[in-house]
Amino acid sequence: MIILGLGSNLSSDFGDRFKNIDLAINFLKDKNINLVNKSSFYESVAYPNKNDPKFVNIVISVETTLKSVDLMKSLLSVEEKLGRKRFKKNDPRTCDIDIIDFHGMIINKKIDNFELNIPHKKMKERNFVLYPLKEICPDWKHPKTKDSIDILIKNLKTLNNEITKLTQNDINSYVK
C-alpha cells in the first residue's frame, strides 16, 4: 500500500486550497498514480507559525508501478505544476505532497536536493496525517515502530490537536 499526504494553505492560479488538492490528484493520475481511497478534508493550523493561513489536508492511498524515487520525483513535479515555491522550510504553500508509507518499506535516500525518508520522519507528530490516515486505514501500523494508528494518535501532543474534519457544508462555505 502506498499512502500520500496532501496539503495546501495558499490559493494558486488554479483556485483555492481545495481545488489545489483535487487538481493534484488529477495530475497524479496523469503520471500513472491511481487513487484507491481518499479521506475527508481536514483543516489545521499552520505549523510552526500559527499566524500563517490554515491548511487543508487529506490522505490518500494510491497504486502505481513507479519505484519510490520515481514516485517522489513525480510528486515534486505535481507540486511545481501547482505553483509550489520552495524558499524557506514550513513556508505557506499551494501544494505539499508527502509519501507517508510505501509498501511498508523503510527508505532513506538522497535525491538531488531532497531526502527521501519513508515512512515520513515527522508523520507521528502530525495530526493532519494521522486523523485522515485512520479514516482510510484504521488498522495501519507504522512500518518502523509497529505502533498502531490509535497509539500514534493517543501519543500526539495536546497542543498539536487543533484539527477539524470538514463537512461538505464547511467546504461549501469556503468555496465561493
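Averaging 1/r over every pair of different alpha carbons in the chain and inverting the result gives a Kirkwood radius of 16.4 Å. Which of the GluC sites (Glu not before Pro) found in region 86-176 are in a DSSP loop and have at most 14 neighbouring Cβ atoms, other than their own, within 10 Å? Filter output for region 86-176: Glu162. All other residues whose Cβ lies under 14 angstrom from that of Lys122 are scored, Lys and Arg at +1 and Asp and Glu at -1, for a net of +1.
Kindly provide the Kirkwood hydrodynamic radius of region 1-81 in Å, to one decimal, from all pairs of distinct alpha carbon atoms.
Roughly 13.3 Å, rounded to one decimal.
Between Asn113, Asn155, Asn57, the residue with the greatest mean-square fluctuation in the GNM of the chain (Cα pairs under 10 Å linked by springs) is Asn113. Region 95-176 has equivalent-ellipsoid semi-axes of 25, 18, 12 Å, by the square roots of 5 times the alpha carbon gyration tensor eigenvalues, sorted largest first. Take every Cα pair under 8 Å whose residues are at least 6 apart in sequence, average their separation, divide by the length of the chain, and the relative contact order is 27 percent. Of the residues Arg86, Arg126, Arg17, the one that moves most in a GNM of the chain with alpha-carbon contacts below 10 Å is Arg86. Selection among Asn20, Leu66, Pro119 by position relative to the dipole of the chain gives Pro119 as farthest towards the positive end (Cβ unit charges, Cα centre).
We did not get these values from a lab; they are worked out from the coordinates using the rules stated. Being a predicted model, the structure only gives us computed values, none of them experimental. Every residue, glycine as well, gets a Cβ built from its backbone with ideal geometry; the counts of neighbours run over all protein chains shown.
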